[in-house]
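Here the structure is laid out as structure tokens; the discussion comes afterwards.
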Amino acid sequence: METKKVIVIGAGIVGLSTAYFLRKQGVEVTVIDNTDGSSNCSTGNAGYVSPSHLIPLASPGIISQGLKWMLNSESPFYIKPRLNRDLIKWGLLFKKSATPSKVDAAAKVLYDLTVQSQSLYEKIMEEEGIEAGYKKPGLLMICKTESALHHEIELVELAKSFGLEAEVLSRTETETMEPNVQYNMAGSVYFGCDAWMTPNVFMREFKQKLEQIGVKFQYNTQLDRIIHKAGKIDKIITSQGEFSADEYVLAAGSWSPILMKQLKVDIPLQAGKGYSFTLPTPVAMPKLPSILVEGRVATTPMMHGLRIAGTMEIAGTGLNINERRVQGIIKSVKEFMPQFEEQDFSQIETWAGLRPCTPDGLPYIGRTKKYKNLLVGTGHAMLGFTLGPITGQMLSEKILNHKPSIVSPLLEVERFA
């Protein structure tokens, strides 16, 4: 039997995971990316693998809160006002999705995705001998105010309803669990189900393993045109020549809808820019990763320092760095962690990445209806790194006609058509 050929467009965690599961089944895989693969959204993130993240971005209250935040240039969430048809459509769909019933339905899907993906990470690292500082002692949600703590209690009950380890901690209990950092807080929520690692190290090691097992990489290759015939993708035209395969997987993150427009397939999606920087020798190194709730800032103790990440800026696909928003992250850290002073951030190098955000907070995973040999895996928002392995496995299952790990109409690619 002739070996099936698959082209994966995008060398982030979704693309690499798809290539991994396909290659393990003997498929000939080529991964194409328009960068050198060293600095995509899968490398500079907070490194969380978090089953606790059950609430999608489109949730009740986020719209009114978002409108307030838009008036503050240092706020954690910002939508740049502009007359853009795609943004307006996305916003209307976002509002329609932000209802309690739809959030409950989304939470069930996110639970299945995150729990299975965490198990897949552990299996991949064990079988392939990847060492990326993976740890699973949990995550803290640090709340500066009682009102924020009260709101997080609702998430604790939701997590417990799915059987996840979660509990509310007093200030004293939090200090006992996290003795290395002095937090300005009312208390915290502890999710014992969460894990983390150093994502850039994992991505580097994972790519090396893929190369060793025969996955081909075509970096610095710009995709110019997608040629189709009779309801199938025929070939792709790139800056490095033509490529053809039996199946095509689009895992290009925030750039996916731009490519899909060539094919007249509408997948509403907006790029949510986030920033991070790493302090190699922080004044205090926490034992556990934490989210500073009111500031929406993530702090993660990694192999090479303390990574601090934050903001959600919906302003197009540009990677320019808005220093005001970086200052907003720093301000939150200093307010929550008074051991840190302005001078601790004087030498930071800020990284920016784009999170692909769907209107309902759920990713697009599966085949397109219009083109029978085109699959899509994108739209994971803040959960891209968490959900990479399960997305890759689900896409490989569809290509190989294997029994699906997860089936849900809420993940269909053309659900908003």
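Readers should treat all values here as calculations from the given coordinates under stated rules, not as data from a laboratory. Quantities reported herein were computed from a predicted structural model and do not represent experimental measurements. Methodologically, a virtual Cβ is constructed for each residue, glycine included, from the backbone with ideal geometry; neighbour enumeration extends over all protein chains shown.
Points worth noting:
- Too-long pairs where the Cα-Cα distance tops 25 Å, listed order kept, from 209/287; 235/261; 229/261: 209/287
- Calculated from backbone phi, Karplus (6.51, -1.76, 1.60) coupling profile of region 391-408 in Hz, x at Gly/Pro: 5, x, 5, 5, 5, 5, 4, 5, 5, 8, 6, 8, 4, x, 5, 9, 10, 7
- Grouping the Cα pair distances of region 1-141 into 10 Å bins from zero gives a pair-distance distribution of 9, 25, 33, 24, 8, 1, 0 percent in increasing distance order.
- Between 0 and 90°, nearest 10: helix 100-128 axis offset from the chain longest Cα axis: 80 degrees
- Other-chain or far-sequence residues with amide H under 5 Å of residue 182's (modelled H): 339
- Antiparallel beta bridges, as assigned by DSSP with both residues in region 5-411, represent about 70 percent of the total such bridges.
- In sequence order, region 302-318 has phi-based couplings of 10, 5, 10, x, 9, 8, 10, 9, x, 6, 9, 10, 8, 8, x, 9, x Hz under the Karplus curve 6.51 cos²θ - 1.76 cosθ + 1.60, θ = phi - 60°, and Gly or Pro positions carry x.
- For the pair region 14-42 / region 382-402, the C-alpha centres are spaced 12 Å from each other.
- By other beta-carbon atoms within 10 Å, ranking 189, 109 with the fewest at the front produces 109, 189.
- Pairwise label distance in nanometres, residue 261 with residue 285, each label 7 Å out on the Cα-Cβ vector: 4.6 nm
- Using distinct alpha-carbon pairs, which all enter the 1/r mean, Kirkwood radius of region 126-218 in Å: 15.7 Å
- Here, the chain yields an orientationally averaged convex hull projection of 19.3 nm² when only Cα atoms define the hull.
- Full extension of the chain between residue 182 and residue 398 yields a length gain of 72.9 nm, computed as 0.36 nm times the residue separation minus the alpha carbon distance.
- Put simply, the amide H of residue 35, placed in the peptide plane, has neighbours under 5 Å in 220, 221, leaving out anything fewer than 5 places away on its chain.
- Pairwise label distance in nanometres, residue 172 with residue 410, each label 7 Å out on the Cα-Cβ vector: 4.0 nm
- In terms of other Cβ atoms within 10 Å, 112, 33, 224 run from fewest to most in the order 224, 112, 33.
- HN-Hα J in Hz across region 239-253 - Karplus 6.51, -1.76, 1.60, θ = phi - 60°, x for Gly and Pro: 5, 10, x, 9, 9, 9, 7, 7, 9, 10, 10, 9, 10, 9, x
- The stretch between residue 128 and residue 212, if pulled fully straight at 0.36 nm per residue, gains 29.2 nm over its current Cα-Cα span.
- Positive dipole terminus of region 288-398, leading residue within 365, 380, 291 (C-beta point charges): 365
- Summary value for region 5-411: 27 percent relative contact order, contacts being C-alpha pairs under 8 angstrom separated by 6+ residues.
- Interchain or long-range residues, amide H under 5 Å from residue 217's placed H: 31
- Rounded to 10°, Cα long-axis angle of helix 323-336 versus longest principal axis of the chain: 40 degrees
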